[in-house]
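The values are calculated or read from the model by the stated rules, or taken from the named source; none is laboratory data. Since this is a predicted model, take the numbers as computed values, not measurements. In this analysis, Cβ positions are derived from the backbone assuming ideal geometry, glycine residues included, and neighbour counts consider all displayed protein chains. Remember, those area values only see protein heavy atoms, side chains included, never the ligands or the DNA or RNA. Shrake-Rupley method; radii C 1.70, N 1.55, O 1.52, S 1.80 Å.
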Amino acid sequence: MLQAIAPAPVSSPAISPVKPVMPWMAEPRMPLSDAAPYTVLSAQELYPRICVRDPYFALKDVTVLPGEVVARVPVQMAPDAEAMPLGLGEAGRHLAILGSCGAALVAPKDGQHFYLASAARGQWLQPTAQERATDMLWALAQAEYTGKRTCTARTLLSSSDGTPLFKLEVDYNVLSAAAFTRLFGEARQEMRREPRPADTVQRTPEEWAKLRQNPYSKPLDLKDFRMEGDLMSSSLVVTPELCKGHFAMHPVMPVAVVAGGMTRMATTLGRALERAPGARFVAKDVKLSADSLAYAGQTVVFGAHRTCVRGADHTFACWASVGERVVAQLDVTYTRVD
């Protein structure tokens, strides 16, 4: 059972003397001493372990407690047709990253490892419509290795006031740096064509904004929407900019971003079939499988098929593929709320 423990905000990676607070429940499930040990890890300590970095990595105050890891979660993208504090794709992104942090801390071997999400099973816990969150959320993860190169993380996302929102279980294939390079060498690109300018170089505000651009703060720019009956498809050319922070010198589209594209296809198709361009949906259940990765330079075709309508519940089968190769598949049920 997941414990719902989160630390009080801290400003440094040192161990804090402040007793953790409990945002997910009124009382702790087990006694906590006033000196309950926990440690805050900096992003620089985590990047070498999980091989992703900002802007894809956006967690704050990643904190290690006995048997679990906790973090604060920003909401960076408007959920659009999803009447939720954040969209499923973004929720999956943050939770999968936190799960990999938890897995890295219990890895049987030291060194760099790549955590490639291969499957996920989730349940949205709030059935009513909500607006986009304006405060930081909380996330918690527990991870365990299920084999020499596989692990699973159980994660929970909570609102800022402690309300449980989303639970997600993520399976990973774990690769050493050498194994990753061997398997994904064809994805390698020279990301920096010329040296970065020195820090003393003067830049305009527009130049700084471009440098700080976060591709994960806006939806994918899908093109060529086509609809045939209860099926819809679109396409996207993957650019290195869409893969920032995932992975160094090997830009591949994150599985969570692919999932976000598939959920967008589902809600877009739902609006079209309902002839309601302003309809909004709340997620119920989601199941993901990820068989491969999409590299920068490749064209991904996204598709969605509404397979069942039962009252206000709409079930979709979604997919993403590069040519004949399936990248990922997603089954999701949404409840129409307006």
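Against the conditions (1) in a loop (DSSP other than H, G, I, E, B); (2) closer than 21 Å to residue 83 by Cβ, residue 268 satisfies every one except (1). Among residues of region 122-148 being out of contact with any Ser or Thr (no Cβ under 9 Å at 6 or more places or on another chain) and among the charged types (D, E, K, R), the one that is surrounded by the most Cβ atoms within 10 Å (Cβ to Cβ) is 132. A search for C-beta distances below 7 Å between a residue of region 147-168 that is within 19 Å of residue 89 (Cα to Cα) and any residue that is open to solvent by 10 Å² or more (accessible area, probe 1.4 Å) and of a type in the set (Val, Ile, Thr), counting only pairs 6+ apart in sequence or on different chains, returns 152/146. If you go through region 41-71 and pick out every residue that is of a type in the set (Ser, Thr, Tyr) and outside any loop (DSSP other than H, G, I, E, B), you end up with 2. Considering region 220-237 alone, what residues qualify as being open to solvent by 20 Å² or more (accessible area, probe 1.4 Å) and not charged (D, E, K, R)? Of everything in region 220-237, those that are open to solvent by 20 Å² or more (accessible area, probe 1.4 Å) and not charged (D, E, K, R) turn out to be 220, 225, 227, 229, 231, 233, 235, 237. Would it be correct to say that residue 267 is open to solvent by 20 Å² or more (accessible area, probe 1.4 Å) and either among the β-branched types (Val, Ile, Thr) or over 21 Å from residue 52 (Cβ atoms) (or both)? It is false that residue 267 is open to solvent by 20 Å² or more (accessible area, probe 1.4 Å) and either among the β-branched types (Val, Ile, Thr) or over 21 Å from residue 52 (Cβ atoms) (or both).
Is it the case, given these coordinates, that residue 141 is part of a strand (DSSP E or B), modelled with pLDDT of 95 or more and within 19 Å of residue 289 (Cβ to Cβ)? Let's see the steps before the verdict.
Numbers: part of a strand (DSSP E or B): yes; modelled with pLDDT of 95 or more: yes; within 19 Å of residue 289 (Cβ to Cβ): no.
No; evaluated as a whole, the condition is false for this residue.
Among residues of region 94-118 that are touching a residue at least 24 places away in the same chain (Cβ under 8 Å) and under 17 Å from residue 60 (Cβ atoms), those with a Cβ under 8 angstrom from a residue that is among the basic types (Lys, Arg) and in a helix (DSSP H, G or I), sequence gap 6+ or separate chain, pair up as 101/49.
Confirm whether residue 96 is closer than 20 Å to residue 255 by Cα, of a type outside the set (D, E, K, R) and open to solvent by 10 Å² or more (accessible area, probe 1.4 Å).
Numbers: closer than 20 Å to residue 255 by Cα: yes; of a type outside the set (D, E, K, R): yes; open to solvent by 10 Å² or more (accessible area, probe 1.4 Å): yes.
Judged against the criteria, residue 96 is a match.
Pick from region 290-312 the residues that are assigned to a strand (DSSP E or B) and open to solvent by less than 40 Å² (accessible area, probe 1.4 Å): which of them is nearest to residue 243 (Cα to Cα)? Ranking the candidates gives 295 first.
From the residues in region 156-179 that are in a loop (DSSP other than H, G, I, E, B), of a type outside the set (Val, Ile, Thr) and out of contact with any strand residue (DSSP E or B) (no Cβ under 7 Å at 6 or more places or on another chain), which one is surrounded by the fewest Cβ atoms within 10 Å (Cβ to Cβ)?
We begin by selecting, within region 156-179, every residue in a loop (DSSP other than H, G, I, E, B); these are 159-163.
Right, trim to of a type outside the set (Val, Ile, Thr) and you get 159-162.
Narrowing the set further to residues that are out of contact with any strand residue (DSSP E or B) (no Cβ under 7 Å at 6 or more places or on another chain) leaves 161-162.
Numbers: 161: 10, 162: 15.
Among those residues, the one meeting the criterion is 161.
I need a count of the residues in region 251-262 that are open to solvent by less than 10 Å² (accessible area, probe 1.4 Å) and either touching an Asp or Glu at 6+ places or on another chain (Cβ under 8 Å) or not in a helix (DSSP H, G or I) (or both). Outline the logic, then answer.
Pass one, region 251-262, residues open to solvent by less than 10 Å² (accessible area, probe 1.4 Å): 251-254, 258, 261-262.
If we keep only those that are either touching an Asp or Glu at 6+ places or on another chain (Cβ under 8 Å) or not in a helix (DSSP H, G or I) (or both) too, we end up with 251-254.
Of the residues in that region, 4 qualify.
Would you say residue 240 is farther than 20 Å from residue 319 by Cα, open to solvent by 30 Å² or more (accessible area, probe 1.4 Å) and touching a helix residue (DSSP H, G or I) at 6+ places or on another chain (Cβ under 8 Å)? Even if it seems obvious, please write down each step before you answer.
On the way: farther than 20 Å from residue 319 by Cα: yes; open to solvent by 30 Å² or more (accessible area, probe 1.4 Å): yes; touching a helix residue (DSSP H, G or I) at 6+ places or on another chain (Cβ under 8 Å): no.
It is false that residue 240 is farther than 20 Å from residue 319 by Cα, open to solvent by 30 Å² or more (accessible area, probe 1.4 Å) and touching a helix residue (DSSP H, G or I) at 6+ places or on another chain (Cβ under 8 Å).
Against the conditions (1) at pLDDT 95 or above; (2) touching a helix residue (DSSP H, G or I) at 6+ places or on another chain (Cβ under 8 Å); (3) open to solvent by 10 Å² or more (accessible area, probe 1.4 Å), residue 72 satisfies every one except (2).
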